[in-house]
Structure formats: C-alpha cells, structure tokens
Amino acid sequence: MDAFIELDRVEKVFDVRKKTGFLKRERRQVRAVDSISFTVARGEMVGYIGPNGAGKSTTIKMLTGILTPSGGRLRVAGIDPSRERTRLAHRIGVVFGQRTTLWWDLPLIDSYRLMHRMYRIPDARYRENLDRCVELLELVDLLDVPVRQLSLGQRMRGDIAAALLHDPEVLYLDEPTIGLDVISKAKVRGFLRELNTERGTTVLLTTHDLQDIEQLCSRVMVIDHGRLMYDGPLAGLHEVGESERTLVVDLERELPPIVAAPARVVRVEGPRQWLAFPASESAAALVARVAAEYPLVDLSVREPDIEAVIAKMYAGEAEKAVS
Amino acid sequence: MAETSRLGEGVRAYRLIAGMWIRSAMTYRTSFVVTMCANLVMTGLDFVGILLMFSQVDSLGGWGLPEIAFLYGLSVTAFGIADLVLGSMDVLGSRIRDGSFDILLVRPAPVLAQIGADRFAVRRLGRITQGTVVLGWALTSVEVDWSAAKVLLVPLMVVSSAAIFCAVFVAGAAFQIFAQDASEVQNAFTYGGTTLLQYPPTVFGKDFVRGVTFVLPLAFVNWVPASYVLGRPYPLELPGWAAFTPPLVAVACAALAGLAWRAGLGSYRSTGS
C-alpha cells in the first residue's frame with residue numbers, strides 16, 4: 001500500500017509558563033501529542049476524533065507544516081512538512097471549520113481569483129475545478145455575494161471549494177460540519193464522499209459529529225491525552241465502546257415503561273419515553289415492534305455522540321484493568 | 001539565487017494581498033473617502049503645531065523654521081513610506097490570538113509578505129503626501145550650497161530611513177510573537193521615534209542623544225546626514241563621512257530584523273502560541 005501520510009513516534013511537547021507572582025513563573029511541560037504512529041494510504045478517508053484538547057488540532061498543524069514536531073518522523077507525500085512548508089502547500093488543502101480563508105468584504109469569486117494566482121493554477125485547470133466545485137457545492141448564486149453576507153453553511157461550502165482549486169492530493173478538514181444545519185451537513189458530506197471516490201483525494205477530518213464519521217469514513221482514529229487510543233473501522237469502535245443509540249417515543253398517553261428487548265427504558269417523562277438500544281441493532285425493527293404494540297404519536301432516533309462513545313471506551317478499559 | 005527568487009515570491013504575494021485589501025476598502029466608498037480626508041487633516045495639524053511653536057520662538061535649539069521643516073519632512077516621508085508598506089504588522093498579535101495566522105502558514109507564499117500586506121490601506125498615502133510637501137518647501141527655503149553629494153544624500157536618506165523604520169516594524173512583529181501583546185511596545189519605538197526626530201538634537205541631553213545614536217540607529221535617519229546637508233556640526237563628534245553611512249545602517253538593520261523574524265516564526269512553530 002502506498003503510504004501517503006506517515007507518522008513515526010511523532011510527539012509535540014509545549015512549554016507552558018504560568019505566572020505565579022511578580023516575575024515568578026512556573027514552567028510545566030505538556031505533551032500535546034505523545035508518540036503517535038500511523039500511516040494513511042493514498043485515497044483513504046479517515047476520521048480523527050477525540051475530546052477537546054486531545055491533540056487533534058496539534059496533529060493537523062504538524063501535518064500541514066504550521067508546527068514543528070518536537071520528536072519523531074513525519075512525512076506527507078514524502079515531504080517533511082515543517083522544513084518545506086511552501087512546497088507542501090501546493091499539494092495539500094486545509095479547511096479550518098471556525099476560521100475562514102475567504103475575504104470578508106469581497107464577493108466569493110474574488111477569493112477564488114486570489115487562489116488562482118497565489119497557487120499559480122493553470123487557467124484551464126482553474127476553470128475546470130471551479131466549475132466542478134460551483135456545481136457540486138451549489139455555489140452558483142453565491143459567487144457575486146460578499147462573504148460577510150453568507151450563512152455559516154454557505155461560507156463553509158465556499159471554504160471547501162477554496163481549498164480544492166489547486167487539486168490538492170490530501171484535504172484536511174478541522175470540524176467541517178460544526179454549527180451547520182442538517183441540510184448543509186448533508187451537502188458537505190455528499191461532496192466529500194464524491195471527492196474521495198471520484199478524484200481519489202485523501203481526506204483526513206476531525207469532528208465531534210459521529211454521523212460525519214459514520215457516513216464518510218471507513219477508518220477512524222481516536223486520540224486522547226495525546227495518545228492514539230484506537231485505530232480501525234468504525235464498527236470496531238462501537239464494539240469497543242459498546243455504544244448505544246436512543247429512541248425517543250411520544251405515546252398517546254402516559255403508560256408504564258415499554259418492554260421491547262434488547263432496548264431498555266432509561267427515562268420516562270409523561271407520555272414521552274427514552275429507550276436505549278445497542279448501536280449495532282436496527283432501529284427500524286425496534287420502531288416496528290413498538291409501533292405494533294403501543295399507541296405511537298411521534299418518534300426520533302438519537303445517535304451516540306463521540307464523547308459518550310469514548311467515555312464508554314474508557315470505562316471498559318478501566319474495568320479490564322481492575323479485573 | 002534561492003534568496004532572490006524568495007524575494008520575488010514575497011513581492012508577488014505582497015502585491016496580490018495588498019490588492020485584495022484595496023478592493024475591500026473600496027467596497028465602503030464613503031468611509032474610504034472620509035478616512036482619507038480625516039487622515040490628511042490630522043497630519044496637517046501636526047505641522048501647524050510646529051508652525052505655532054515657531055511663531056513664539058525664532059529658533060529651536062539654534063535651528064530655524066526651514067531647517068526644522070527639513071528634518072520634519074524627511075522623517076515624516078520616510079516613516080510614511082514604511083507605514084504604507086508594513087504599517088499593519090501590529091495586527092499580527094491579534095491574528096495569532098484568533099488563530100487566523102495559521103491560515104497564512106498553509107498558503108504557498110512567504111509569511112512575512114502576507115503579514116506585511118495585511119490590512120494594506122491607501123489612506124496611509126496621506127502621511128507621505130504631507131511629508132513630501134513639507135520637505136519640498138524646506139528644500140527651497142533652506143540656505144544651502146548644494147553640491148552633488150548633498151543632492152544625492154537627500155533621496156538616499158529617505159530610502160535608508162524608510163528601510164530602517166521597516167526593519168523596526170519587522171523586528172516589532174517578531175517581538176510580538178514572543179511577547180504576544182506587544183503592539184504598544186512597538187508603537188513606542190516607531191511612532192515615538194518619529195516625534196523625537198522632528199526636533200533637532202540639541203534640545204535633548206547629550207547622554208540621551210548618545211543612547212539614541214548607538215542603541216537605536218534611528219538617529220542616522222535624520223540628524224547626522226541632515227547636519228551635513230545643512231552645514232551644521234554633528235550632534236556628536238563623529239567623522240565627516242558618518243553622514244553617508246545610512247544605507248549601511250539600513251542594510252544592517254534589515255539583516256537583523258530578518259534574523260529576528262526568522263527566530264520569531266521558528267518560535268511560533270515550535271510553541272504554537
């Protein structure tokens with residue numbers, strides 16, 4: 001397999017200085033990334049998840065050449081990112097979910113023209129890539145609109161297009177769906193899937209939204225306290241974490257807790273009941289059973305969030321350690 | 001070879017980004033015109049202040065009005081050029097705090113050029129205009145036996161001092177990376193520096209002048225070469241050729257500033273803050 005991104009015992013240590021008095025400072029070392037090793041093959045789509053402050057962003061910053069690793073070996077497309085930042089820049093695309101590369105006061109198209117010239121993209125290639133992004137990300141009506149007037153979802157689509165005009169081989173996305181509504185999320189996910197399958201672009205994304213991972217990534221890496229806790233398919237992660245989904249049902253009237261194994265009622269509030277069931281079970285079968293036996297008015301299914309999955313994973317590890 | 005191509009890349013990136021900021025400013029046309037006018041009025045008032053002072057005193061430290069105007073015009077023009085080219089480098093601190101500095105680091109262009117062109121504003125031409133008008137008037141009013149060397153020295157002084165101010169801006173930006181919120185400290189060096197240079201050296205104490213001449217090479221911007229052009233004694237006992245050293249001082253400052261910038265960027269990339 002063609003390893004496109006290679007990390008070998010990469011670490012990043014920050015010196016944190018805290019003021020403890022006049023001129024007195026306490027120095028402390030924080031290992032943001034602690035001896036992480038993994039490889040990503042060309043064309044893979046990988047989810048990189050973990051709680052806040054786990055070291056996700058630090059890893060992305062090292063992969064893009066923003067930060068220099070304190071130790072270990074790191075290569076992207078054979079390039080050492082921290083040494084050849086500008087050469088690497090032509091081959092990677094980066095989208096920071098909460099920071100934009102677009103020009104606030106100018107029409108969207110102006111930002112793309114800047115990319116065209118700054119990255120020296122050949123004219124024909126630029127036109128072709130722009131047309132494709134405009135079509136797939138539905139930007140045609142937005143090109144002449146100043147960026148400050150775009151909604152968050154529109155701006156995010158605009159940012160993704162800006163990161164792809166120079167044909168990067170790998171796209172890093174830091175929280176690409178944060179704050180977006182359901183429709184915008186679906187558009188962004190659809191586009192990324194298409195980009196990955198049609199163009200073979202390698203994608204590495206960090207997210208808090210487990211659905212991003214479920215719908216996009218065949219592989220997921222979990223990082224916490226700077227260490228890689230899990231690396232494998234999402235299904236495996238569910239097993240490791242034994243995560244549960246929640247079915248919320250509204251009944252016609254108040255009733256005793258629903259009996260429908262393997263689901264169990266975790267909360268009752270008037271006619272509304274919360275049923276937890278294993279994430280690997282089909283929601284449809286459960287809904288059919290409940291609907292057949294109870295007077296159902298409304299329902300919704302809640303996906304487990306990443307924090308819950310990871311928390312369960314830890315609980316499991318702790319139990320193993322005790323027994 | 002590699003260095004010259006990097007310089008070319010930097011100039012190119014600078015032009016591209018400055019162009020985007022000009023277009024951004026143009027989207028608010030009225031505001032653009034108003035700030036431009038306000039800027040001209042403000043800088044004009046500065047000079048009126050000096051005129052008022054001279055209506056009370058005939059000379060300041062033995063220097064007459066045209067001579068003060070000569071110092072003032074040189075200093076303001078040079079500072080105006082540096083301010084136009086790199087004047088927004090003090091936004092670097094806020095860019096680091098809000099994380100948008102990272103976006104500049106993933107683009108294929110030198111970071112210094114990108115941050116130098118940040119918030120590029122045409123309204124800063126106001127200061128240059130005012131400086132050149134005053135300088136022009138001073139040049140026609142001072143009583144000087146113009147020699148080829150003196151004529152050559154005037155543009156050389158402007159360019160060298162602009163370069164020195166630019167170096168101070170860059171060093172200040174590098175310092176901001178180390179000290180996070182130091183734009184105020186930087187302003188003390190640059191804006192404070194221009195106010196100082198608009199008055200002749202004999203007003204200040206000798207120790208102070210010595211400190212400024214050697215600690216901060218800013219004095220070369222004005223006093224020494226200006227004293228040569230005006231045929232006055234140097235503020236300190238320096239050899240005659242000292243008036244022609246500004247370009248060398250400028251190159252040395254630029255080199256030091258370049259090193260400081262490199263160290264600052266390196267520190268950012270190893271600390272992330």
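Structure data summary
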read-out: Using a Förster distance of 60 Å, the FRET efficiency for A:R199-A:A291 (Cβ separation, nearest 0.05); value: 0.90
read-out: Debye intensity ratio in log₁₀ form over the Cα atoms of the protein assembly as shown, taken at each q of 0.06, 0.07, 0.10 Å⁻¹; value: -0.45, -0.58, -0.97
read-out: Cα gyration tensor shape of the range A:3-238, rounded if a/c is under 1.5, else prolate or oblate by comparing a/b with b/c; value: prolate
read-out: Cα pair distances of the range A:104-146 binned at 10 Å [whole percent]; value: 29, 56, 16
read-out: Dipole of the range A:3-238, positive direction: furthest Cα of A:G93, A:T59, A:V203, with charges on the beta-carbon; value: A:T59
read-out: Pairwise label distance in nanometres, B:A252 with B:S5, each label 7 Å out on the Cα-Cβ vector; value: 3.3 nm
read-out: Per-residue mean of C-beta atoms belonging to partner chains within 10 Å, peptide A:77-89; value: 2
read-out: Local electrostatic count, A:R219, Cβ distance below 10 Å [Lys/Arg +1, Asp/Glu -1]; value: -2
read-out: Lys, Arg +1 and Asp, Glu -1 on Cβ, resulting dipole of the protein assembly as shown about Cα centre, debye, nearest 20; value: 1380 debye
read-out: Footprinting exposure proxy for B:S55, A:S70, A:S280 (fewest neighbouring C-beta atoms within 10 Å first); value: B:S55, A:S280, A:S70
read-out: For residues of B:96-106, the mean tally of beta carbons on other chains within 10 Å; value: 5
read-out: Listed peptides A:182-190, B:136-144 by packing density, highest first (mean Cβ within 10 Å); value: A:182-190, B:136-144
read-out: FRET efficiency estimate (nearest 0.05) - Cβ-Cβ, B:S94 to B:V34, R0 25 angstrom; value: 0.55
read-out: Diffusion constant of the range A:244-303 at 4 °C, which comes from Stokes-Einstein with the Kirkwood Cα-pair radius and 1.567 mPa s, µm²/s; value: 116 µm²/s
read-out: Environment charge of B:A109, counting only residues whose C-beta is closer than 9 Å and scoring Lys/Arg +1, Asp/Glu -1; value: +1
read-out: FRET E, pair A:I109, A:D80, Förster distance 30 Å, beta-carbon r, rounded to 0.05; value: 0.30
read-out: Neighbour net charge for A:R117 - beta-carbon separation under 10 angstrom, K R +1, D E -1; value: +4
read-out: Dipole of the range A:244-303, positive direction: furthest Cα of A:L296, A:Q273, A:A261, with charges on the beta-carbon; value: A:A261
read-out: Cβ-placed point charges (K, R +1; D, E -1), dipole of the range A:244-303 about Cα centre in debye, nearest 20; value: 120 debye
read-out: Calculated [θ] (222 nm, deg cm²/dmol) that DSSP helices of n ≥ 4 give over chain A, each run adding -39,500 (n - 2.57); value: -10500 deg cm²/dmol
read-out: GluC sites (Glu not before Pro) lying in DSSP loop within the range A:136-242, provided at most 15 other Cβ fall within 10 Å; value: A:E138, A:E242
read-out: Cβ crowding within 10 Å averaged over residues, with A:273-279, A:2-8 ranked highest first; value: A:273-279, A:2-8
read-out: Residues A:W104, B:W223, B:W21, B:W146, sorted so that the one with the fewest Cβ neighbours within 10 Å comes first; value: B:W146, A:W104, B:W21, B:W223
read-out: Lys/Arg +1, Asp/Glu -1 at C-beta; chain A dipole; positive extreme among A:G71, A:A162, A:V40; value: A:G71
read-out: Angstrom value of the Kirkwood radius, inverse mean 1/r, which spans all Cα pairs in the range A:94-205; value: 13.9 Å
read-out: Inter-label distance for A:S218 and A:E252, nm, one decimal - labels placed 7 Å from Cα along Cα-to-Cβ; value: 4.9 nm
read-out: Dipole moment magnitude, nearest 20 debye, the range A:3-238 about Cα centre, only Lys, Arg, Asp, Glu C-beta charged; value: 1280 debye
read-out: Spacing of the two label points (7 Å from each Cα toward its C-beta) at A:D181 and A:S35, in nm; value: 4.9 nm
read-out: Residue-by-residue Karplus 3J(HN,Hα) for the range A:31-42, coefficients 6.51, -1.76, 1.60, Hz, glycine and proline x; value: 8, 6, 10, 10, 6, 9, 10, 6, 10, 10, 7, 4
read-out: Per-residue average of Cβ from other chains inside 10 Å of A:115-122; value: 2
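The numbers here are math on the coordinates, done by the rules we state, and not lab data. Only a predicted model underlies this, so the values are computations on that prediction, with no experimental measurement involved. Please note: Cβ atoms are built from the backbone with ideal geometry, for glycine as well, and neighbour counts cover all protein chains shown.
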